[in-house]
Structures are given as C-alpha cells and as structure tokens.
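Trainee: Sharing a structure below in structure tokens format, with a few things to ask.
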Amino acid sequence: MDVGIIVPAAGSGQRLGGAVPKQYRLLAGTPVLVRVIRMLRAAFEDAAMVVAVDRSWQDHAEQLLAEYKGSLVVTEGGSTRQESVFRALQHPILAEAEIIVIHDAVRPFASVGLTHRVVEAARQYGAAVPVIPPADTVKLLDANGTIETTLPRGRVRLVQTPQAFRRSILLEAHQEAAEDRFEATDDASIVEYAGYPVVTVEGEMRNIKITTPLDWCLAEQIVQVGCT
Ligand code: C5P
C-alpha cells in the first residue's frame, strides 16, 4: 500500500475542559479516536498508521487500538501538533509510503469519500487539503484587537483535515520548518512555507473539529440524529 497515515492525537484538550482529552472521550459509547481510526481503516484497508499520543496516554491508546496492531503503531507525540507529526513521519513503518494522509484525532465525521478525494488530488498535485467557505466575514486584527483589514470572503476558506501530501514533499518541508523554527498549526502551512503549491478540494460541513463544549454537544447531535 503506497498510502501511510498519521493521526496526531497528543493534544491535552484543554479548551474542552475535563480530565480526559476529547480524543479518548466516549461519543455515543465509542471513543472519538476509535471512530477516527475506523474511518481511516475503511478508506485504506492496508495503510500503515502512526498514532502520536501523549506519553501518559500511551498504554490506554494501545489498548483501545489493539485490534489494529501490526499495521498501526502508537508513538509518543511532541509538545506541539507540528512536532507530533514530524516525529510520526520519521517512523520506519511509513518509509515505503508515497502519499501521507494526516488526520486530526478530534475530527470523527470526515467521510471515506473525502479522504479518497484528498489523496487523489495529492497524487496528482503533490499536496491537497479540504476547505469550506466561512459563514462569517473574516477580519485581520492588529496587536490591539483593532481591525486592520477585511479579508475578501469569497476567497477565504476554512481548512480541515484529512490533508494529504507526497511523502518526499512533506518530509522536506517539515525538515526546513524545524531548521528555521517556523511554527504552524497545520501541515499545509508547512508545505506552503517550503514553497510548494497546495491545492484544495471541497470539504464537509459536518467534518467539525471537536474543540469546545459546544462542539461536543453538536457532535452528540450529529451521531444521534445525523444533522446532514
Ligand atoms: O490543538 P489542536 O486543536 O490544533 O489539535 C489538533 C490535533 O493535533 C488533535 O488531534 C491533537 O490531539 C493533536 N495534537 C498533537 N500534539 C500536540 C498538540 C495537538 O498531536 N502537542
């Protein structure tokens, strides 16, 4: 299988509150992380997977994902998402992969179809991410919180995961970012920084990133009633 998968899952989930990080919480009886891995397994049956977790949750994650042992490894993440991904990317289990898919452990509603579309675009163009249009107008603020400029809404997009990249591009970009101490909150930004074009595919509204208590409430509704 020429697709390898990285799931950064080493966040502490402070914005949602509570002792258990959101990726381990039960959503209608199933941990969010397990939902994410099931979707990715359904998308790419034989892909090697690396799940980056906080050291204190490593045993728990290994137990949760025991049935995938062999093609899935749980590794220690870093202090930032970027570091978690960069470490995972260097794992030998991904050495043969030509395309790397990266998907947040807190986005349980991305579809198999979306994952396939992103991978096909990455095969063709080298780097691809799903995007959706914002409902609100987006402003750029100065350091005092005063509006500096209004971004043209027609050209603004919110970026989701799964994101997919040719492995060679992603590795080179992460190495360059680490050397330059360039920090970013997603992998597309790192690839952009290295000078590669990143194409977009149409994302999904229900592919929310569970971040706040309101997101959790919405996630429960999505599971229970669908919310299409
Ligand atoms: O913190 P943020 O909301 O950007 O997290 C997005 C994803 O990155 C989550 O799945 C989280 O678990 C992961 N993450 C990580 N290592 C960190 C911080 C976040 O793998 N140090």
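Trainee: Please state the relative contact order of region 102-191 as a whole percent: Cα pairs under 8 Å, 6+ residues apart?
Mentor: Relative contact order comes out at 32 percent.
Trainee: Answer rounded, prolate or oblate for region 97-228, using the Cα gyration tensor with square roots of eigenvalues a ≥ b ≥ c: rounded when a/c is under 1.5, else prolate when a/b is larger than b/c, else oblate.
Mentor: oblate
Trainee: Count neighbours as other Cβ atoms within 10 Å of each site's Cβ, and list the trypsin sites (Lys or Arg not before Pro) in region 153-196 that are DSSP loop with at most 14 such neighbours.
Mentor: For trypsin sites (Lys or Arg not before Pro) across region 153-196 that sit outside H, G, I, E and B with at most 14 neighbouring Cβ atoms in 10 Å, the list reads 181.
Trainee: For the chain, calculate the relative contact order in percent as a whole number, restricting contacts to Cα pairs under 8 Å that are 6 or more residues apart.
Mentor: The value is 23 percent.
Trainee: Could you identify which residue out of 211, 200, 150 has the top mean-square fluctuation in a GNM of the chain using Cα springs shorter than 10 Å?
Mentor: 150
Trainee: Rolling a 1.4 Å sphere over the protein heavy atoms, what is the accessible area per residue of the chain, to the nearest Å²?
Mentor: 50
Trainee: In nm, give the distance between the simple-model label positions of residue 217 and residue 120, each being 7 Å from the Cα along the Cα-to-Cβ direction.
Mentor: Between residue 217 and residue 120, the simple spin-label model gives 3.8 nm.
Trainee: When the accessible area of region 80-228 is split by element with a 1.4 Å probe, what percent falls to carbon and sulfur?
Mentor: The nonpolar share, carbon plus sulfur, comes to 51 percent.
Trainee: Another question about this same structure. Give the range of the longest stretch in the chain that excludes all GluC sites (Glu not before Pro) found in loop regions by DSSP and having at most 14 other beta-carbon atoms within 10 Å.
Mentor: With a cap of 14 other Cβ atoms within 10 Å, the longest stretch comes to 99-182.
Trainee: Let me ask you something else. In deg cm²/dmol and to the nearest 500, what is the mean residue ellipticity at 222 nm of the chain if only DSSP H runs of at least 4 residues count, each as -39500 (n - 2.57), divided by the residue total?
Mentor: Taken over the chain, the calculation gives -10000 deg cm²/dmol.
Trainee: Further question: Please report the antiparallel percentage of DSSP beta bridges with both residues in the chain, rounded to the nearest 5.
Mentor: 40
Trainee: Excluding residue 62 itself, what net charge comes from residues whose Cβ is under 14 Å from its Cβ, given Lys and Arg +1 and Asp and Glu -1?
Mentor: Value of the local net charge: -2.
Trainee: If you don't mind, another one. May I ask you to list the aspartates and glutamates whose Cα is less than 15 Å away from that of residue 139, ignoring any residue fewer than eight positions away on the same chain?
Mentor: In chain and number order, the partners are 148.
Trainee: Taking only Cα atoms and a 10 Å spring cutoff, compute GNM fluctuations for the chain and point out the largest among 162, 152, 197.
Mentor: 152
Trainee: Could you tally the net charge around residue 80, taking each other residue with its Cβ under 14 Å from the Cβ of residue 80, Lys/Arg +1 and Asp/Glu -1?
Mentor: Result for the local shell: -4.
Trainee: What ranking of 49, 39 comes out by heavy-atom accessible area, probe 1.4 Å, highest first?
Mentor: 39, 49
Trainee: Can I ask one more? Mind running the shape call on the chain? Use the C-alpha gyration tensor, a ≥ b ≥ c as the square roots of the eigenvalues: rounded below 1.5 for a/c, prolate if a/b tops b/c, oblate otherwise.
Mentor: Rounded.
The values are calculated or read from the model by the stated rules, or taken from the named source; none is laboratory data. Only a predicted model underlies this, so the values are computations on that prediction, with no experimental measurement involved. Don't worry about glycine lacking a Cβ; one is built from the backbone with ideal geometry, like all the others, and counts go over all protein chains shown. To get the accessible areas, we keep the full protein, side chains included, count just its heavy atoms, and leave off ligands, DNA and RNA. Shrake-Rupley method; radii C 1.70, N 1.55, O 1.52, S 1.80 Å.
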